[in-house]
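To start, the structure itself, in structure tokens.
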Amino acid sequence: MNANADLKKLLLWQMEAGADEAILDHPVNHYHAQAGQRQSQAKQPQLPKNPTKSRDMARGMDEGAPAPAPRPSPSSNATPPPGLHTTDEALHDARSLAHAAESMDDLAERLRTYEGCSLKKTATNMVFGDGNIEAPIMFVGEAPGADEDRLGRPFVGVSGQLLDRMMAAIGLDRDSAYISNILPWRPPGNRNPTPAEISLCLPFIERQIELVAPHILVLVGGTAAKTLLGRKEGIMKLRGQWFDYASPGLSCPVKARAIFHPAYLLRSPAQKQKAWQDLLEIKIKMSGDL
Ligand code: URA
């Protein structure tokens, strides 16, 4: 057996799951972290007992499989850890800043100066959007991953390549569509964004949608769908139907459709059939619309 090859495979597996950053200087063996090692561990920084899962893994859960551990909710009575809690004032500031933007350039500039969301501190680049801002169709995903963070463009990694192919299947590309995310900064290590981070970034994507004013809004994955539709159901329930997305700066509601996230489809190819049905519905709606 080649131990190096096995180690390499293990590392690649971890990277695909989103564990692509070293958080501590020294590895912690959590299998041995119980009784005998409590004393020596006390000297080291502790990892949270329930480290937030990588987004790709969590996406799989959100897209249908049972979730093993409940995620903290903003309405919980327990004191939330830093990053989970946000104040009315912070939300008000984000809303005022975003909603006053008069153009996409103005909005991008406002987001660049915005210091209210701590994700900005750990991100390499802001990922604002890509494509044609005059397009009649807009795709909104969850948050940048490592490749997007490095290049400052949404959906350029492996799942982005699949999204490009899904779009191409219905005659779309980045000249005929606009693409963005709920969050403009990558959550470190691809962890799930917290409810507070989502709330603080929401006014910016809402304003972006108003400025693009598409005829059709495609919500890529459970987080984008739940957040922008204001629904609690997961993607399994939200896909397969049309919604009206309304917001004060839009002259009329926009037709919205949730689709499976390409990262999920890469791990669950059997679901591509349902994704294809949704794409066909979008194509039909486009041809009636354009
Ligand atoms: N996943 C997303 O949701 N957005 C990106 O930009 C990349 C991966």
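Decide, for segment 146-281, between rounded, prolate and oblate: order the square roots of the alpha carbon gyration tensor eigenvalues as a ≥ b ≥ c, take rounded if a/c falls under 1.5, and otherwise choose prolate if a/b is larger than b/c, else oblate. Write down the numbers at each step before the final one.
Values: a/c = 1.29, a/b = 1.06, b/c = 1.22.
Taking the square roots of the gyration eigenvalues as a ≥ b ≥ c, segment 146-281 is rounded.
If you take the beta carbon distance between Leu7 and Lys121 as r and set R0 to 25 Å, what does 1/(1 + (r/R0)^6) give as a FRET efficiency, to the nearest 0.05? Using R0 = 25 Å, I get an efficiency of 0.20. Any chance you could run the full-extension gain for Ala169 through Asp105? It's 0.36 nm times the residue separation minus the Cα-Cα distance, nm to one decimal. Going from the current span to full extension adds 20.0 nm.
For segment 128-235, the set of GluC sites (Glu not before Pro) satisfying both a DSSP loop assignment and a count of at most 11 other C-beta atoms within 10 Å is given as Glu134.
Would you mind getting the accessible area per residue of segment 223-290, heavy atoms of the protein chains only, 1.4 Å probe, in Å²?
Values: 3590 Å² over 68 residues.
Per-residue accessible area for segment 223-290 comes out at 53 Å².
Accessible area per residue was computed with a 1.4 Å probe on protein heavy atoms; Thr223 scores about 30 Å².
For segment 102-160, the carbon plus sulfur part of the accessible surface works out to 46%, probe radius 1.4 Å.
For the set Thr227, Thr124, solvent exposure ranked by accessible area (probe 1.4 Å, protein chains only) runs largest to smallest as Thr124, Thr227.
Before I look further, what does segment 90-180 give for accessible area per residue, probe 1.4 Å, in whole square angstrom?
Values: 4100 Å² over 91 residues.
Spelled out: the 1.4 Å probe surface of segment 90-180, per residue, equals 45 Å².
Here Phe155 sits with roughly 10 square angstrom of accessible surface, probe radius 1.4 Å.
On the accessible surface of segment 164-290, probed at 1.4 Å, how many percent belong to carbon and sulfur atoms? Show your work: numbers first, answer last.
Working: 2610 of 5030 Å².
Result for segment 164-290: 52 percent of the exposed heavy-atom area is carbon or sulfur.
Ordered from highest to lowest accessible area with the whole protein assembly present and a 1.4 Å probe, Asp6, Asp175 read as Asp175, Asp6. Rolled with a 1.4 Å probe across the full set of protein chains, the surface gives His215 an accessible area near 90 Å². Ordered by solvent-accessible area of protein heavy atoms (1.4 Å probe), largest first, the residues Lys272, Lys121 come out as Lys121, Lys272.
The values are calculated or read from the model by the stated rules, or taken from the named source; none is laboratory data. None of the values given here were measured: they were computed from a predicted structure. Here Cβ is always computed from backbone atoms with ideal geometry, including for glycine, and neighbour counts include all displayed protein chains. Heavy atoms of the whole protein, side chains included, go into the accessibility calculation; ligands, DNA and RNA do not. Shrake-Rupley method; radii C 1.70, N 1.55, O 1.52, S 1.80 Å.
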